[in-house]
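To keep things clear, I will list the structure first and then write my remarks on it.
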Amino acid sequence: DFPPADAKYHNYAEMNAEIDKQIAAHSDLISKKVIGKSHEGRDIIAVKISDKVGEDEAEPEVLFTHHQHAREHLTVEMALYLIKTLGGEYGSDDRVKKMVDEREIWIVPDMNPDGGEYDIASGSYRSWRLNRQPNPGGDTGTDLNRNWAHKWGCCGGSSDTPGSETYRGESAESAPETKVVADFVRSREVGGKQQIKSAIDFHTYSELVMWPYGYTTDDTADGLTQDDRDAHAAVGEKMAASNGYTPEQSSDLYVTDGTIDDWLWGNQKIFSYTFEMYPSSSGGDGFYPPDEVIDRETSRNKDAVLQFLENSDCMYRSIGKEE
Ligand code: 0X9
Ligand code: CA
Ligand code: CA
Ligand code: CA
Ligand code: ZN
């Protein structure tokens, strides 16, 4: 489990218990479904938040994904914060109410439960990043955020060597956790139209708001026009102005290929962001900030997430163009 000093972090069982508690308290607004299983057989769930949560309404859908990387536990706390806030402040915060009423919000709170549990299993952190799928040769783990099927392995932004921290897997979607979430996204194509308009994938750390592409340092590329890029940047820059993160194209950090955001845009035309949460630089804690910062560093993103939801019906409005 987490070390006693970090007991406020939620392990996998505690996360599920907290989600079930929120569903029980707000069953008119929150539901969950199992969308598949991890390599070791843990449930991967999607939480839905909306008014009339039991119906599939014609509302813009949005997606939040969390915890692709095992040691980035603060991102699970971010998911729990979103569930708690969107459910709990529905009756008291007009902005929250409007977005819960007018959007269908999907939250995948834990994409990598096997890795997350492995990271804390001994009682002291293992700095584990990958999933727990064995590779030929004996090494364990695929980097889920190099295993997505847009320009997979194209550009030197991942490794083909098992054992590497950025091992991309044997083929795109070879990791069950990647495939489960990709299948879920594909399942939201209804009547030939992808219902999900926009997405944020949460990571730690560096305090960044990033947009596609990661595989190339060019601002525009295959399927990413100047308007597409400008709308991503306009919304991204405003979110960053709110949470104090740094906005940039993801390849400004370093070139990556096979990441979720490149796939969401390049393959599904879903506006996609990667948030790197607290801290801004390692300064000792890095991936393991003390549990005392959880409330501050999750609520720090409240306004940015509301902005994101508010823009999700038409991201091009941010650059003065309606679709
Ligand atoms: O390398 C990653 O996957 C992310 N950093 S982390 O420290 N959380 O591992 C950054 C990804 C940036 N690139 C894209 N989002 N495309
Ligand atoms: Ca503590
Ligand atoms: Ca609804
Ligand atoms: Ca719908
Ligand atoms: Zn990460």
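The values are calculated or read from the model by the stated rules, or taken from the named source; none is laboratory data. Predicted model, so just to flag it, every value in this text is computed and none were measured. Cβ placement follows ideal geometry from the backbone for every residue including glycine, while neighbour counts extend to all protein chains displayed.
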Evaluation of residue 310 against (1) surrounded by 19 or more Cβ atoms within 10 Å (Cβ to Cβ); (2) acidic (Asp, Glu); (3) touching a Lys or Arg at 6+ places or on another chain (Cβ under 8 Å) (one fails), failing number: (1)
Residue match in segment 214-230 (condition: crowded, with 23+ Cβ neighbours inside 10 Å, part of a loop (DSSP other than H, G, I, E, B) and within 16 Å of the chain's Cα centre (by Cα)): yes
Lone qualifier among 116, 157 - being away from ligand 4 (no atom under 16 Å from the Cβ), within 30 Å of residue 5 (Cβ to Cβ) and not polar (S, T, N, Q): 116
Qualifying residue in segment 156-178 (condition: acidic (Asp, Glu), at pLDDT 95 or above and within 17 Å of residue 274 (Cα to Cα)): no
Lone qualifier among 5, 13 - being touching a residue at least 24 places away in the same chain (Cβ under 8 Å), under 28 Å from residue 118 (Cβ atoms) and out of contact with any strand residue (DSSP E or B) (no Cβ under 7 Å at 6 or more places or on another chain): 5
Count - residues of segment 24-44 that are assigned to a helix (DSSP H, G or I) and touching a residue at least 12 places away in the same chain (Cβ under 8 Å): 1
Per-region count, segment 188-204, residues surrounded by 12 or more Cβ atoms within 10 Å (Cβ to Cβ) and either within 16 Å of ligand 1 (Cβ to nearest atom) or not in a strand (DSSP E or B) (or both): 9
Close pairs (6 angstrom Cβ cut-off, 6 or more residues apart or separate chains): free of Cβ contacts under 8 Å to residues at least 60 places away in the same chain and among the polar types (S, T, N, Q) in segment 149-170, in a loop (DSSP other than H, G, I, E, B) and surrounded by fewer than 22 Cβ atoms within 10 Å (Cβ to Cβ) anywhere: 159/166
Test: residue 84 is surrounded by fewer than 18 Cβ atoms within 10 Å (Cβ to Cβ), modelled with pLDDT of 95 or more and closer than 17 Å to residue 105 by Cβ: no
